[in-house]
Each structure stands twice: as C-alpha cells, then as structure tokens.
Amino acid sequence: MSDERGGARRSLMRLEALVTAFERGLIIVLLATMAGAVFLDALHRIFAAKSGRTERLVAAILPAASGALSQVIAPTLLALGSFGVVYAALRTRQQGVGARKRSLLIAAIITVALVAGTRLLVLGLPNGLVWSQQMALCFMLWLGLTGASLATREHGHIVFELASKLWPSSLKMPVEWLSRLLAAGFSLFLAYLSVVHAHEHYVEWATSDGLAGLFEAFRVPKWFVYGFFPIPLTIMGLRFLAFGVRAPEEGITT
Amino acid sequence: MILALVLFVLLVLGVPLFVVIGVAAAVAFGVYAGHGGVEGLVVLVVKLSSLTTKNVFLAIPFFIVSGAVMGAGSIAARLVAVAEALVGGMRGGLAVAALFASVIFAALSGSSPVTLIAIGGIMFPAMLKAGYREPFALGFVTTAGSLGCLVPPSIPMLVYAISVTGTSSVDVRDLFLAGLGAAFVVVLMLAVYAIFAAGPVQATAAFSWSRLKTALREGAWALALPVLILGGIYGGLFTPTEASAVSVVYAVVVEVFIHRSLTLAQLPQVIVKATTHMGGLLLVIALSLAVNDFMVEAEVAEAALQQIRAWGLGAIGFMMVVNVFLVVTGMFMDSISAIVLFTPVIAPAAVALGIDPLHLGVVFIVNMEIGYLAPPIATNLFVASTVFKKPFGLVVRAVMPTLLILCAGLLLLTYVPTLTVGPVHALRGGAFFRPFATTAAPPPQQNTPTQSPAEPAPAQGNRVMSIEEMMRINRAKREAAQPAKQVEAAPAP
C-alpha cells in the first residue's frame, strides 16, 4: 500500500517537474517575443520617420545641406555613430594583441548588418508592428500568470510578514495548512471564474462568425487569450496544496 | 465590519496577499454591492483581462527583467569602481561612493534588497578595511540600498501611476522627473551626513585622472543605460513602455555579449526568477483594481474626504497623518501592495485638498523607502543582518541615524513641493516655485473647455484613467438615469 502511494507520489513529482520545465520554456519564449516585438516597433517608428532627428540636426547646422544632401549626410552620420558604438563595445569585450584590427573588421561587418537590418525592417513592414504592444500586453498576462504559478512552487508570493512570527511553534503547522487550503481554494475559484469569463467571450465570437470579440490591433479572439488563464490558476491551486504557502526555513516542515 | 474581520483573519493566518485582496473584493462585491453569484464575481477576472488595455503596465515586467539581468551581471562592481575613483579620495569618500553606486545600481535593478546585496556586499567590507566604524558603515550601506525606488525607472512609481485616483491622472514621465528632484535632495542630505559623521578614517587612494578614466571606460556601458532610458523618454525618442523593452535588450546585450559576465545558458534562470516575482505582483495589482472598482461604486473616497473635512485637518495636517500612516504601513507591508491598496483612498482626498498628485506620489514613495528600513519588519534590515552576518539588533541601531535623516528629508519633501514638482512645471513652461496647498481648494478640472466635465477624455498613451474620472462618469450616468426613472415612474396623465 505504502509502495503504491510512494509510486503515485513519484509520478506526480515527475509530472510536476515536467510542467515546471514547460512553464520555464514558455516564460522565455513569451518574454523574448514581447521584448523583441516592442523593441522592433520602436526601432521601426524611429527609422521610418520621413525626417529624422539627425536630418533635422544636419539641416540646423548646415542650412545649405537641405533636401537630398541632408538625406545623404544624416544616414552616413548615423552609420558612423553605429560603427563607433559597436567598435567601443568590441574593444570593451576584446583586449590584447591584435584586438584593435579584429574589432575594426568585426565592427564594420556588424554595422553593415545593422544598417541592412533596419532598412529591411522599414521596407519590409511599411506599417510597422502596430499590434506589438497589444500582443505584448496579452502575452504579459500569460507570462504573469505562469510566473505566479511558479512563484507558488518557490514560496514567492507576497505574504503579511509578521504573520509567521505571530503563532507559537505548536500552531504553525495547522495554520500553514489552513493557509494552503484557503490559497488553493481561492486560486481554483479564480480558475473557475476564468472559464466562465472566457466562455462569455467565446459565445460573443462564435455568434458573430468570428467578426466580434477580437482585440483591436492584435486580431486574435479574446477567448483564446483569456482561455489560457484557468491553466496556470489551476496549477497554482494544486501547488499551494503540494508545496504550501511559506518556505520550510520559516519554521514550517511539511 | 464583516470585511475588516475577514481581512484581519486572513492576514494573521499568513495567507498570500493576492488571496486577501481577492477575498476582500469578492466580499465587497458580494455582500455590500449585491453582486454576489458567479456573474457578479467574474469582475475579479475581468480586472485581470482589463490590464490588456493599460500600456504602461507593460513597462513593469520589462524593467523587472532588465534589472534582474543587470543584478546578476557585473554592473555593480563597475559602478562601485567609478564611484570610488570619483569621490573615494575625499573625507567620507568611500561612504559617498557607496551612496552614489547604490543609487545608480538601484535605479537600474529596481530592487532595494538586490542593491544591498550587490553594492553593500562590496562596500561594507571595503569601508571596514578603510577604518570606518562598523555601525556607521552598516547603517549607511543598508540605507543607501533603499534609495532606488525614487530614481527612474522605478517600479513603485509605475504602480502609483496606475493606481492613482486623483482628479488628474499622472503621466509616468512627469512622475519620474519629480522623483529625480526628490532623490537629489535625499542623496545630498545623506552625502553631507557621510562627510561629517564618517570620523577619522584613512583615505583610500588619492584622486587620479588615470584611475577615473579606467573606471569610466570599464563602467561606461552601465552608466550609459540611465542616459539612454531617460534621454530616450524625455527626448521624445520613445515612450516609457518602449524604453522598458529597450532596457531589456540593452541589458542582455551588455551583460552577455560585452561584459561577458553572464552566459546565454544562465540567462533563462535569471529571467524565470524575475518573472516569478512579477507574477505575484500581477495578481495583487489586478485584484486591487477590483477593490478600486468597488470603492468607486461605494464612493469610499468621497466619504473619506468628507470625514477629513469634518475633522478640519487641512492640507498640512492631512499630509502629516498620511506620512505617519504610510510609514507605519511600510513597516508591515511591501511597498507595491501598500501603493495599490491605499492610493485609491488617499489620492482623491489629497487632490481635493489642493495637493498635486505628482507630489503625493513622490511622498508616497519616500514613505515606502523609510518602510524598507523601519523596524520591526523591514526587508532591508533582514537582508543586511543575513548578508553581513550581524545581529538584527545591531542593524536596527545602526540605521537609526540615517533613518532620522530620511524622516527629515520626508518632511522637507512633503512641505516643499517645489523640490519635486518644480522641475516638471518648469519644463512645461510654468513657474518653478510651487507653494504648498494650505487651503482646501476644489480640485482643478483638467478637461478641455469643449469637453463636458462628466465625460473626461478617454485614457491615451501612458495616461491611465483615474478613479476620480470613473467616479465622474458613474455619477453622470446615474444622474442621466435618474430623470428617465422618474419619467417611467410618473403616472400617465
């Protein structure tokens, strides 16, 4: 009997480790996508402008160099500036004999790649990544909830700090169990409410043949984004039961 | 009464804060507002999904992650080297260097405990070796580590901007600028204290240009980030949200490819750790927004304001009460939770008393800083006691002088708003000098003349619609509905 229980426990622990690995991977992918998209959108907006800051600066300093001339001088200055920054970065990274020559060569290659990449971004996406912030906000919720679920595993949720010191050691264990049950119950209740919420949006989307219930800029059904909520919330509830609220070093042994 | 009892029981049981706030919201909507049942309580999840409309919120995970990446890298040591080369040779120079390095690092990392570990871990032994008295060195590095939330980009400031309930909403850029003024005042006070209270200590290496040059070259990439972020925001190159994404990319490139103090293999671990921290915050903030909604419906802020007027407190007395309340709160709660929970009640009253919400925001943050250091429950005191392996009582005694300086700074910043909002108004072309509001002035309307007061402009860009605006909309809706009901109820002729 105890062997069976031990086996079931080991299987659950393996499953939990698998879920944790998936969550960690998801966090990295989501964050990289979010930061990358918002960064590229900002870059696009800056470089897609008809008259950039460098051009205005050139025109202010050299009023004669207006129009086409300014459009030659400004990109050249920008490219030179980029080369300078890349070279400085490489010199910080590489020191020693022959580092200067090597850095000059690599800086030139990286600068050409940066300039070409930026031109490609501006020409390839004429409207930019207007959906980037909306998408990032949706992913932020996924990211945050997945993080909250992992925080449960690592006792990372914010608790009233004095509480753990209020109780005598004989009562710490029952109080911890009560906290776990309350936290798990509330998390699972939130998961249930999330299902109801996502279903409402699904009905809206389905009854309009997929025309309503979409995000404005990021044309994805809202039910799809909100439909993710119950998953981390359920995992969080189960983790509160399995791992507890407070860390063992706070005097709780489970 | 029921609500207070439920909250008290949950708090002493040590239930996670998001559960306490969530249950409070559920009880408030279910019992007091009559929105019980699943349909009514779905508002808890609706608030979570409504975060997809608050662009400024996106800056929080990005700044947390970039701070974590820099905290795990070698930026701390480089900043210490720059600060030491700059001021290490003067009287109390090592302490001033610790202060400067802490402020810059805390601004980059966004975390007080991380700053204390990263900078304090280097500076505390160095100060002892140079002959500084142990209590002075211990107290000083512990205090210096808590200054980061005043220096942009600051997570508590972003949270305040989202939670604020003033008549006019707060622009994150203005709040950052106001925080800079306050940080300058506090740093100056602490630097003067360090110079005069350090005692006779052997000077570290005398100032030399070549040493400074080397330190600047080594620390240039760390020092460039605040310039890039603030220059980008105030130069109109990007919004605070975009700046946060830029800071993530910059931090990864600098620490992994330039400093090479982090490997690509170590990066996921750092990011995941930062995200777990952010996840806890997300739930607290989302559920607090549900509590805010209830407070709008129940007109709690208006009731609080009436009570304050009944007490005849005035702006000076009100701010004194707020400071005492927030310092005590900060002793027991973490800053983010306190900001989200109490801003909706305090801010409308403060604005109605003629206090600028920007100014209130900075005062709020300074109070939270003091809370980080005020015993019995103070995160930085526990961290310092653990990291430096010193008895908790010694740490408490050691921070007392600097804690008093922070309190004096708080009073100065509270009653001289020019120090915080002066630069903001000056940049807008207004007067630099801002008198403290001493009369209960009616809140200034921020709407344009063409707008109806009941229909404020929708939130745009980094501007988050304030609770006061929501209250006005609610009131207008109710007033609009009233005649309709009367017409319905009127007997047919």
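A quick yes/no check of all residues on (1) under 22 Å from B:Val321 (Cβ atoms); (2) more than 19 Å from the chain's Cα centre (by Cα):
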residue	(1), (2)
B:Thr379	no, no
B:Lys390	no, yes
B:Pro401	no, yes
B:Leu404	yes, yes
B:Leu410	yes, no
B:Thr414	yes, no
B:Ala426	no, yes
B:Ala431	no, yes
Candidates B:Ser102, B:Ser169, B:Ser146, B:Ser154 - the one that is more than 15 Å from the chain's Cα centre (by Cα), under 30 Å from B:Ala304 (Cβ atoms) and polar (S, T, N, Q): B:Ser169
Subset of the stretch A:106-130 (residues that are outside any helix (DSSP H, G or I) and buried (at least 18 other Cβ atoms within 10 Å of the Cβ)): A:Leu129
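One line per residue, one yes/no per condition, for (1) within 10 Å of another protein chain (Cβ to nearest Cβ); (2) within 24 Å of B:Tyr250 (Cβ to Cβ):
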{"residue": "A:Val72", "(1), (2)": "no, no"}
{"residue": "A:Phe83", "(1), (2)": "no, yes"}
{"residue": "A:Gly117", "(1), (2)": "no, yes"}
{"residue": "A:Leu143", "(1), (2)": "yes, yes"}
Residue match in the stretch A:196-204 (condition: among the β-branched types (Val, Ile, Thr), out of contact with any Lys or Arg (no Cβ under 6 Å at 6 or more places or on another chain) and at pLDDT below 90): no
Residue within the stretch A:171-178 that is buried (at least 21 other Cβ atoms within 10 Å of the Cβ), among the charged types (D, E, K, R) and more than 20 Å from B:Thr276 (Cβ to Cβ) present: yes
Residue match in the stretch B:76-92 (condition: of a type outside the set (Val, Ile, Thr), over 25 Å from B:Ile258 (Cα atoms) and surrounded by 22 or more Cβ atoms within 10 Å (Cβ to Cβ)): yes
Qualifying residue in the stretch B:202-216 (condition: touching a Phe, Trp or Tyr at 6+ places or on another chain (Cβ under 6 Å), farther than 30 Å from B:Ala408 by Cα and assigned to a helix (DSSP H, G or I)): no
Checking A:Gln133 against (1) within 18 Å of the chain's Cα centre (by Cα); (2) within 30 Å of A:Ala183 (Cβ to Cβ); (3) of a type outside the set (A, V, I, L, M, F, W, C), the condition it does not meet: (2)
Conditions (1) in contact with a Phe, Trp or Tyr (Cβ under 9 Å, 6 or more places away or on another chain); (2) modelled with pLDDT under 80; (3) under 17 Å from B:Thr142 (Cα atoms); number of the one not met by B:Val80: (2)
Test: residue in the stretch B:377-386 that is outside any helix (DSSP H, G or I), of a type outside the set (Asp, Glu) and under 23 Å from B:Phe342 (Cα atoms): yes
Within the stretch A:227-254, considering residues that are at pLDDT 85 or above and assigned to a loop (DSSP other than H, G, I, E, B), the one nearest to the other protein chains (Cβ to nearest Cβ): A:Phe229
Residue among A:Ala136, A:Ala206, A:Ala148, A:Ala198 that alone is farther than 24 Å from B:Leu17 by Cα and crowded, with 24+ Cβ neighbours inside 10 Å: A:Ala136
Residue check for B:Ala290: at pLDDT 85 or above and either of a type outside the set (Lys, Arg) or farther than 15 Å from B:Pro156 by Cα (or both): no
Within the stretch B:1-72, helices (runs of 4 or more DSSP H) holding 1 or more residues that are within 11 Å of another protein chain (Cβ to nearest Cβ) and within 22 Å of the chain's Cα centre (by Cα): B:17-27, B:43-49, B:59-72
Residue among B:Phe436, B:Phe432 that alone is part of a loop (DSSP other than H, G, I, E, B), touching a residue at least 12 places away in the same chain (Cβ under 8 Å) and touching a His at 6+ places or on another chain (Cβ under 8 Å): B:Phe432
Listing of helices (runs of 4 or more DSSP H) fully contained in the stretch B:234-349 that carry 2 or more residues being within 13 Å of chain A (Cβ to nearest Cβ): B:240-252, B:267-298, B:314-332
Output for the stretch A:202-221, where each listed residue is away from chain B (no Cβ under 13 Å), in contact (Cβ under 8 Å) with a residue 40 or more places away in the chain and touching a strand residue (DSSP E or B) at 6+ places or on another chain (Cβ under 9 Å): none
Some residue of the stretch A:38-51 being within 14 Å of chain B (Cβ to nearest Cβ), at pLDDT 95 or above, part of a helix (DSSP H, G or I) and in contact with a Phe, Trp or Tyr (Cβ under 9 Å, 6 or more places away or on another chain): no
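Residue-wise test of (1) assigned to a loop (DSSP other than H, G, I, E, B); (2) among the aromatic types (Phe, Trp, Tyr); (3) facing chain B (nearest Cβ under 7 Å); (4) closer than 25 Å to A:Glu16 by Cβ.
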| site | (1), (2), (3), (4) |
| --- | --- |
| A:Leu137 | no, no, yes, no |
| A:Leu178 | no, no, yes, yes |
| A:Leu182 | no, no, yes, yes |
| A:Ala191 | no, no, no, yes |
| A:Glu200 | no, no, no, no |
Flag for A:Leu166 being free of Cβ contacts under 8 Å to residues at least 12 places away in the same chain and facing another protein chain (nearest Cβ under 7 Å): yes
Cross-chain or 6+ apart pairs with Cβ under 6 Å, the stretch A:224-248 first and within 15 Å of A:His155 (Cβ to Cβ), then modelled with pLDDT under 90 and among the aliphatic types (A, V, I, L, M): A:Arg246/A:Ile252
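The values are calculated or read from the model by the stated rules, or taken from the named source; none is laboratory data. All figures in this text were calculated on a predicted structure; none of them were measured in a lab. FYI the Cβ positions are ideal-geometry reconstructions off the backbone, even for glycines, and counts take in every protein chain you see.
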